[in-house]
1. Lys and Arg at +1, Asp and Glu at -1: add these up for the other residues within a Cβ distance under 11 Å of Asp92 and post the number.
2. If you work out log10 I(q)/I(0) by the Debye sum over Cα atoms at q = 0.09, 0.17, 0.20 Å⁻¹ from the coordinates, which of (i) -0.41, -1.15, -1.40; (ii) -0.32, -1.09, -1.40; (iii) -0.47, -1.05, -1.30 do you get?
3. Quickly estimate the mean residue ellipticity at 222 nm for the chain, helices only: each DSSP H run with n ≥ 4 gives -39500 (n - 2.57), and the total goes over all residues, rounded to 500.
4. What order, most packed first, do the peptides 19-25, 110-116 have when packing is the mean number of other Cβ atoms within 10 Å of each residue?
5. Suppose every Lys and Arg Cβ carries +1 and every Asp and Glu Cβ carries -1, with no other charges. What dipole size does region 3-164 come out with about its Cα centre, to the nearest 20 debye?
6. Using Cβ contacts closer than 10 Å as the measure, can you line up Tyr146, Tyr53 from fewest to most?
7. Can you sort Trp38, Trp142 so the residue with the fewest Cβ neighbours within 10 Å comes first?
8. Can you give me the angle between helix 139-164 and the longest principal axis of the chain, using Cα atoms only, in degrees from 0 to 90, rounded to the nearest 10?
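Taken together, the values in this text are just the output of simple stated rules run on the coordinates, not laboratory data. Every value quoted in this text rests on a predicted model; they were computed, and no experiment measured them. Every residue, glycine as well, gets a Cβ built from its backbone with ideal geometry; the counts of neighbours run over all protein chains shown.
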Amino acid sequence: MELEEYKSILTAARKPFLDLLNGCGAPELTQKPDEESWCSIETFQHLVQSDVYHFADILRPLNEARFDLITLFGAKVESDSPKIFETIPSPDGQMAKAGLLGLQSDIYEIFFEGLGSYADQFGLNNSTLHHPVFGDLRGLQWLNFYVFHDWNHYIQGAVSAKQLGVIPNYDPYGVSNPNI
């Protein structure tokens, strides 16, 4: 798989959540359907936090400071909440939508630049993400995992928004239906 295909798939996987964010204001994004669930902004915060830590794992073999996403962005995405799998902090919902969108854009810009360097030096199918549950993932395995990760959390955020009734006629599974 070529670099442009990776970029396209990762960008497309995130688009539904960005559409959801653009369709809601701050009050809707911070409401929870119940105490056990994340609100939509917490879900998006988790996606941005995951980008920093997962993408950093991919780019680590480059050993270049300009691609050290944890040093560049870790302090901006950290929270005082407990960590998920000893690395990614749990979202606290305290970040604003505009701030998260800006961070995500900056993270993706550096990640895609680093991914290009990685492809040139090592080949994309040699990329490695160590996941605490799934173990080492390479190339297409990693891409498939990350697309599924994003889509799963998009559904989580969209279901939350739909349960709260903040998006009329909204189908969290992406199927347009005016009768919903």
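1. -3
2. Calculated log10 I(q)/I(0) by the Debye sum over Cα atoms at q = 0.09, 0.17, 0.20 Å⁻¹: the matching label is (ii).
3. The helix-only estimate for the chain comes to -19500 deg cm²/dmol at 222 nm.
4. In descending order of packing, they fall as 110-116, 19-25.
5. Its charge dipole is roughly 220 debye.
6. The most exposed by this proxy come first: Tyr53, Tyr146.
7. So the residues, fewest neighbours to most, are Trp38, Trp142.
8. Result, in degrees: 20.
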